[in-house]
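Only one structure is covered here, and it is reproduced in the block below.
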Amino acid sequence: MKFNAALGLLALVGGASSSLTITPNTNKNPLVSNQNTTVVPNTFIVELQPDFHPDLQPKERFAKTAPGAKPGYRVRQQYNSTDFFYGVSVSFNTHVDLGTLRQSTGVKNAWKVAIVPRPEPYHLRGAPKISQGTSLPNLRGSAKVNQPLAMSNVQKLHDQGIKGKGVQVAIIDTGVDYRHPALGGGFGRGHKIALGYDFVGDDYDGSNTPVPDPDPLATCVDGGHGTHTAGIVGMEDPDNVGFGLVGVAPEATLASYRVFGCEGSTSNELIVSAFLKAAQDGADVVSISIGGYDIWEEINPFDEVITRLTNHGVAVVAAIGNFGTAGVFSTAAPGISTNALSVGSIENEVYPTVYTAHDDKHKAIDYVSVFPATSLGRVEVYQLGTGLDVPIDANVSSGCYEPAWDALAAASVDWNNTILLVSWVSWCGTNWGTAVDLGAQAILAYQPEELLIVVDEPEDPTTLLYLDYNNSRQIVNNLAQLPAGQKYYLTFDGKKPSSAADPLGRTPDDFSSFGPTVEMSLAPKVSAPGGTILATWPLEAGGYAVLSGTSMATPFAAGSLALLKSQQPHLSVAELYARLMTTAGPVNEPNSKQIASTARQGGGLIDVYAAVKADTVISPSELSLHDSETPAPRNITITNQSKSRKKYSFQHSPGSFYRVYYNYLTGNTDYNGGSEVIPLDVPASASFSQSSLTLGPGQSATVQVQIKPQHDDWPWSLPVYGGFVKIISDDAAYSIPYIGVPYNRTEVGPIMHNVTTQLPYDSPGILKLPANDLFLADGQIPTPNIDSYNWSTDPSKSFIPVFRVDVLLPSRFIRFDLVPANVSFVPSIYGFDPDVHIDYKPPSQAILPGFLGVPTYGQLFSITVDDAPANSPTLSQPLINHFFAQALLLPTLTNDDNVSYNISSGDYRPLLRALRWNGNEANPDDYESWLGPVIRADIPSDEFPTDT
């Protein structure tokens with residue numbers, strides 16, 4: 001059972017954290033990127049020029065290139081599609097530079113092969129134990145198991161017989177258990193799952209050799225993700241089986257392409273193979289609920305393939321990612337691909353399966369679970385905290401009050417006839433693992449505050465059931481009325497499901513990634529129901545599960561696109577996307593009346609019925625206002641495709657204004673180290689060239705809109721604004737989502753400065769710390785302009801500099817050097833008073849030519865968004881912001897040939913340069929720079945001998 005000590009289930013990604021860890025320069029790569037660990041060494045996807053030996057197959061063609069003519073490599077995949085992609089993936093035995101590979105004759109482009117993590121949806125914690133086997137019960141009741149269809153008006157189309165017939169939807173995922181009766185019970189022509197391929201086999205884990213097979217069957221529980229996504233697209237429970245579930249496009253033809261084994265990861269080379277196979281098999285729509293954290297469009301390796309698919313009429317629907325807790329700019333690839341329809345997640349309006357238990361007074365208690373827990377029968381409810389001399393409240397029974405566990409361990413409990421009652425409070429989380437250790441076989445969780453129930457997959461051995469807020473109050477009241485010494489029993493006798501209101505229904509899920517991309521493209525494009533979704537699951541694991549994630553929203557959007565295409569087959573992929581986006585309905589922030597930002601929901605919750613029935617075309621379907629306090633006016637074209645005259649009026653609906661690091665940057669001394677997005681009511685304004693217009697059948701007209709954000713003083717807090725331009729006709733409403741940031745990135749520059757930060761230090765700046773106690777809060781603020789530091793092989797005798805220079809806006813290249821103290825370089829930001837005279841003590845260290853004409857003694861680090869050159873100390877780190885706490889723990893620098901060496905005593909200055917937005921890396925004027933105070937270094941040569 002997956003108990004979590006805290007509610008936040010996603011780790012922070014991409015360095016977007018103001019909680020700093022000091023990084024010492026104790027190795028050649030002091031700032032190793034997490035992204036680097038995902039790259040397969042010396043392994044590349046290589047696209048070949050179409051006119052390069054065109055009569056040969058990909059493997060033989062590659063052998064005609066300069067790198068292919070040499071021995072010592074292995075071709076892993078061949079891509080043999082002249083329409084979409086022609087090339088190989090290849091692994092070399094020795095180092096190969098990507099830049100050199102790209103410049104080879106016959107090579108069109110190349111990318112590094114990278115590991116793509118396994119999709120990890122949020123699970124519904126709370127399924128009882130289930131019997132093994134493949135038979136499914138009849139669980140039809142009053143439950144609104146198909147509520148997501150109603151939320152997006154899919155049901156209206158189903159009622160008219162529109163169910164996706166004639167459209168083929170390909171699902172790239174973990175495979176599928178097509179034996180499930182809701183998925184047709186078989187595979188091949190004539191079945192619902194009519195096509196597919198297994199690229200990997202059960203035993204593939206991302207590190208071993210795949211064993212492909214033409215059959216995409218996946219029966220292992222950890223391969224259930226693909227069965228769930230396939231069900232969302234096209235499931236249809238037979239009569240008297242299951243819940244009566246219906247997918248979005250139950251008459252569409254489905255194709256399943258398996259790229260994950262039963263455990264572990266996959267690689268981007270296999271995903272490319274799956275894209276090509278899906279297109280060659282005739283897919284109209286591809287659904288891919290897979291992705292790795294990625295925010296830069298231009299380095300996304302899937303972009304070329306997806307662009308070619310869409311140019312040939314194949315729509316690609318991709319998850320935007322489950323990195324929402326990382327804040328804005330937290331997207332994933334391939335979702336950020338230029339021509340993909342990226343999808344965010346909206347919470348279901350209901351908990352789809354709720355069952356009833358009764359106490360001995362026949363009072364009902366409803367609990368949330370995928371399946372009924374009737375196997376429990378009549379059990380005593382034993383509350384955590386019983387046996388203590390303190391009143392039992394929510395804090396005592398939360399799991400974070402240790403004496404309660406001690407009392408439970410000392411108690412005599414018959415766990416075969418007892419369910420443990422615990423409380424679920426946000427400050428503690430689901431910290432109940434000790435109950436399992438003590439023998440509990442069933443746990444009932446109540447909530448004293450209204451929380452969203454997110455539940456585990458149904459194969460967990462311990463029965464964990466949840467009460468919503470109303471039933472939680474009921475059981476607490478029942479216990480309070482119980483006479484002293486009397487036990488409380490529940491009989492789990494309800495066999496048919498009902499539903500309960502979801503407190504966050506129809507609002508964006510907190511796990512759903514925020515856009516935009518670094519290049520300021522709208523992401524996600526649309527949103528769909530993805531939170532608390534009931535769908536098919538492998539038969540051996542119960543056949544059904546409730547999962548949450550953008551993984552669930554994506555197949556919902558893909559099925560919706562299939563419905564639209566079945567009725568509008570003449571539309572291009574771009575036109576299909578535009579229909580879904582402009583007819584979507586914006587939703588509010590959770591527990592708020594504010595409209596959620598487009599950075600969170602894109603165009604809003606899809607309304608498929610409105611998209612199918614739309615008779616007005618709006619262009620463009622999105623507005624990127626980029627980085628400006630005064631973005632240029634934008635033109636909007638409206639075309640009346642109906643047979644009657646229509647009047648259109650124009651309105652503006654601003655969304656929430658987001659910023660991250662709010663208390664960190666606004667002068668508020670209440671320091672907040674988190675990076676959660678804070679929705680603010682700071683609306684942009686809009687003016688139109690005209691308030692309304694009337695168009696006859698077939699007529700078009702263009703209006704102009706000027707959107708202006710409010711002035712913002714804190715660009716390094718990553719502010720993002722968004723909203724909607726509304727076009728209202730006599731019988732329909734359309735909207736265009738817009739996104740922007742309220743400042744000019746080039747003018748502001750990426751280095752954070754002149755802001756409040758956590759005392760006692762500022763950024764940029766230097767702290768002085770003992771080498772054996774690198775705790776920032778204890779750091780000394782050095783003497784202005786110059787201070788002395790010393791190094792010793794005994795860390796307790798060393799006082800060293802720790803550099804605090806935060807680069808919080810996008811920068812493609814960052815370099816940090818130690819330069820001569822008397823350097824003539826004029827920085828953007830001074831870390832000292834340039835008018836103060838200092839008698840310098842030059843070190844005996846050799847001065848190197850340096851970077852862009854600035855002499856240097858060596859660099860502490862350099863970081864690039866692009867691929868680092870061979871034999872270079874530069875690291876590839878495609879992040880958007882960098883919080884640096886870099887300690888010069890050893891008096892060691894690195895030169896441009898990646899050679900490290902000790903430096904000698906004397907005076908140095910730190911120099912950090914960060915490339916401005918859209919800057920030229922070779923132009924020194926395109927960098928923002930910080931030049932720090934003098935570091936007077938005392939470095940005993942006998943302890944740290946210098947060498948060159």
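Numbers below:
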quantity: Breaking point among (1) under 30 Å from LEU504 (Cα atoms); (2) among the hydroxyl-bearing types (Ser, Thr, Tyr); (3) modelled with pLDDT under 95, for SER131; calculated: (1)
quantity: Count of segment 191-227 residues which are in a helix (DSSP H, G or I) and not aliphatic (A, V, I, L, M); calculated: 6
quantity: Segment 286-312 - residue that is modelled with pLDDT of 95 or more and outside any helix (DSSP H, G or I) and, of those, surrounded by the most Cβ atoms within 10 Å (Cβ to Cβ); calculated: SER287
quantity: Test: LEU124 is crowded, with 22+ Cβ neighbours inside 10 Å and at pLDDT 95 or above; calculated: no
quantity: Residue identified as at pLDDT 95 or above and within 36 Å of the chain's Cα centre (by Cα) among ALA407, ALA315, ALA332; calculated: ALA315
quantity: Inter-residue pairs, beta-carbon under 6 Å, first more than 22 Å from GLY234 (Cα to Cα) and in segment 285-313, second in a loop (DSSP other than H, G, I, E, B) and of a type in the set (Phe, Trp, Tyr), 6+ apart; calculated: TYR293/PHE323; ILE295/PHE329; ARG308/PHE84
quantity: Positions within segment 228-246 being more than 24 Å from the chain's Cα centre (by Cα) and either in contact (Cβ under 8 Å) with a residue 12 or more places away in the chain or not in a loop (DSSP other than H, G, I, E, B) (or both), in sequence order; calculated: GLY234, MET235, GLU236, ASP237, PRO238, ASN240, VAL241, GLY242, PHE243, GLY244, LEU245, VAL246
quantity: Among the residues listed as LEU911, LEU931, LEU915, the single one being over 24 Å from ILE786 (Cβ atoms), touching a strand residue (DSSP E or B) at 6+ places or on another chain (Cβ under 8 Å), buried (at least 19 other Cβ atoms within 10 Å of the Cβ) and assigned by TED's automatic domain parsing to the domain that holds PHE832; calculated: LEU915
quantity: Pair list, Cβ under 6 Å, 6 or more apart: segment 693-706 residue within 18 Å of PRO620 (Cα to Cα), other residue at pLDDT 95 or above and not in a strand (DSSP E or B); calculated: VAL703/SER689; VAL703/GLN690; GLN704/PRO633; GLN704/SER689; GLN706/PRO633
quantity: Residues located in segment 856-902, provided they are polar (S, T, N, Q) and part of a strand (DSSP E or B); calculated: THR856, GLN859, SER862, THR864, SER876, GLN886, THR892, THR894, SER900, ASN902
quantity: Residue match in segment 96-117 (condition: within 19 Å of SER273 (Cβ to Cβ) and of a type in the set (D, E, K, R)); calculated: yes
quantity: Candidates ALA283, ALA249, ALA278 - the one that is surrounded by 24 or more Cβ atoms within 10 Å (Cβ to Cβ), assigned to a helix (DSSP H, G or I) and not assigned by TED's automatic domain parsing to the domain that holds PRO372; calculated: ALA278
quantity: Filter result (in a loop (DSSP other than H, G, I, E, B), out of contact with any His (no Cβ under 8 Å at 6 or more places or on another chain) and over 30 Å from VAL75 (Cβ atoms)) within segment 165-184; calculated: LYS165, GLY166, VAL167, ASP177, ARG179, HIS180
quantity: Scope segment 263-273; condition surrounded by 24 or more Cβ atoms within 10 Å (Cβ to Cβ) and either in contact with a Lys or Arg (Cβ under 7 Å, 6 or more places away or on another chain) or within 14 Å of VAL169 (Cα to Cα) (or both); matching residues; calculated: GLU269
quantity: Spans of helices (runs of 4 or more DSSP H) in segment 520-630 with at least 1 residues more than 24 Å from the chain's Cα centre (by Cα), surrounded by fewer than 24 Cβ atoms within 10 Å (Cβ to Cβ) and at pLDDT below 95; calculated: none
quantity: GLY224 being in contact (Cβ under 8 Å) with a residue 24 or more places away in the chain and in contact with a strand residue (DSSP E or B) (Cβ under 8 Å, 6 or more places away or on another chain); calculated: yes
quantity: Breaking point among (1) more than 17 Å from PHE884 (Cα to Cα); (2) outside any strand (DSSP E or B); (3) charged (D, E, K, R), for ASP787; calculated: (2)
quantity: Boolean, ARG506 is out of contact with any strand residue (DSSP E or B) (no Cβ under 7 Å at 6 or more places or on another chain) and farther than 28 Å from CYS220 by Cα; calculated: no
quantity: Filter result for VAL819 (assigned by TED's automatic domain parsing to the domain that holds LEU911, closer than 20 Å to LEU888 by Cβ and surrounded by 14 or more Cβ atoms within 10 Å (Cβ to Cβ)); calculated: yes
quantity: Any hit, segment 377-386, residues being farther than 22 Å from ALA501 by Cβ, at pLDDT below 95 and surrounded by fewer than 14 Cβ atoms within 10 Å (Cβ to Cβ); calculated: no
quantity: ASP437 in contact with a helix residue (DSSP H, G or I) (Cβ under 6 Å, 6 or more places away or on another chain) and of a type in the set (D, E, K, R); calculated: no
quantity: Number of the exception - LYS495 against (1) assigned by TED's automatic domain parsing to the domain that holds MET151; (2) in contact with a Pro (Cβ under 7 Å, 6 or more places away or on another chain); (3) over 23 Å from ASP607 (Cβ atoms); calculated: (1)
quantity: Sole residue being of a type in the set (Phe, Trp, Tyr), assigned to a loop (DSSP other than H, G, I, E, B) and modelled with pLDDT of 95 or more, chosen from TYR908, TYR840; calculated: TYR840
quantity: Segment 680-707, residues that are crowded, with 18+ Cβ neighbours inside 10 Å and within 29 Å of the chain's Cα centre (by Cα); calculated: PRO683, ALA684, ILE707
quantity: Residues (closer than 23 Å to ARG74 by Cβ and not acidic (Asp, Glu)) located in segment 185-234; calculated: TYR197, PHE199, VAL200, GLY201, TYR204, GLY206, SER207, ASN208, THR209, PRO210, VAL211, PRO212
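The values are calculated or read from the model by the stated rules, or taken from the named source; none is laboratory data. Source: prediction; values computed, not measured. Backbone-built Cβ (ideal geometry, glycine too); neighbour counts: all protein chains shown.
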